[in-house]
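Encoded as structure tokens, the structure appears first; notes follow it.
Rule-based calculations on the coordinates, nothing more; no lab input. Given the structure is predicted, the values throughout are model-derived calculations rather than measurements. Don't worry about glycine lacking a Cβ; one is built from the backbone with ideal geometry, like all the others, and counts go over all protein chains shown.
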Amino acid sequence: MKHHASTLRKNMTDAEKVIWRGLRNRQLAGYKFRRQKPIGPYIVDFLCPEKKIIVEIDGGQHAVHVETDRQRTRYLEQKGYRVLRFWNHRVLQEQEVVLSLILSALKATPHPRPLPSRGEGVEHEALSTQTK
């Protein structure tokens, strides 16, 4: 899986290259992104581990594989990730809009492990995760 991810990093599409230029080196409001990151049986295009946000850049082949993409998204969401999908042509034509939408999602998504509110402790946190 790691070898395949490495190959994908070396052979990014034009749209992936455009978005990577805006995400790499913490250029988007200081958020760290990784590219072509394995998660379970999948390799996601871009991942912000801190916010558990995945950015997928989809080409025309995804129009044919709608159900496969739904299953993939469902799996990733069950693992606690939020998946943002953009078509290649939108990325190429509206890079700034796409980056702005990604930034909005980053700011809107709470940290996966927020600090407990006053009066809450480890016991309360453990209980709430068991009932989900």
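Less than 15 Å Cβ to Cβ from Arg85, Lys/Arg counted +1 and Asp/Glu -1: what total charge do the surrounding residues give?
Working: positive: Arg70, Arg72, Arg74, Arg82, Arg90; negative: Glu16, Asp45, Glu56, Asp58, Glu67, Asp69, Glu77, Glu94.
Net charge around Arg85: -3.
Residue by residue, what Karplus-based ³J(HN,Hα) values in Hz, rounded to whole numbers, does the range 92-98 have, using 6.51, -1.76 and 1.60 with θ = phi - 60° and x for Gly and Pro?
Computed from phi, the couplings for the range 92-98 are 5, 8, 9, 3, 5, 5, 4 Hz.
I want to check the label-to-label distance for Glu77 and Ala108. Put each point 7 Å from Cα in the C-beta direction and report it in nm to one decimal.
For Glu77 paired with Ala108, the spin-label model returns 1.4 nm.
Counting Lys +1, Arg +1, Asp -1, Glu -1, what net charge surrounds Gly30 among other residues with beta carbon under 12 Å of its beta carbon? If you can, show how the numbers build up before the last one.
Working: positive: Arg26, Lys32, Lys51, Lys107; negative: Glu50.
Result for the neighbourhood of Gly30: +3.
Counting other beta carbons within 10 Å of each Cβ, put Lys51, Lys107, Lys32 in order, fewest first. Intermediate values should be presented prior to the final figure.
Working: Lys51 20, Lys107 10, Lys32 14.
Listing Lys51, Lys107, Lys32 from fewest to most nearby Cβ atoms yields Lys107, Lys32, Lys51.
For Ile43, enumerate residues with amide H under 5 Å from its amide H, sequence gap 5+ or separate chain, H modeled in the peptide plane.
Here nothing satisfies the definition.
Under the Karplus relation 6.51 cos²θ - 1.76 cosθ + 1.60, θ = phi - 60°, what is the ordered set of whole-Hz ³J(HN,Hα) values for the range 71-83, x standing for Gly and Pro?
Using θ = phi - 60°, the values come out as 4, 4, 4, 4, 4, 5, 5, 5, 7, x, 9, 9, 10 Hz.
Considering amide H positions built from the backbone, and no H for Pro or chain starts, which residues 5 or more places from Glu56, or on another chain, come under 5 Å of its amide H?
Those lying under 5 Å, H to H, from Glu56 are Leu84, Arg85, Phe86.
Estimate the FRET efficiency between Thr68 and Lys32 by the formula 1/(1 + (r/R0)^6), using the beta-carbon distance for r and 25 Å for R0, to the nearest 0.05.
Details: r = 28 Å, r/R0 = 1.14.
Calculated transfer efficiency: 0.30.
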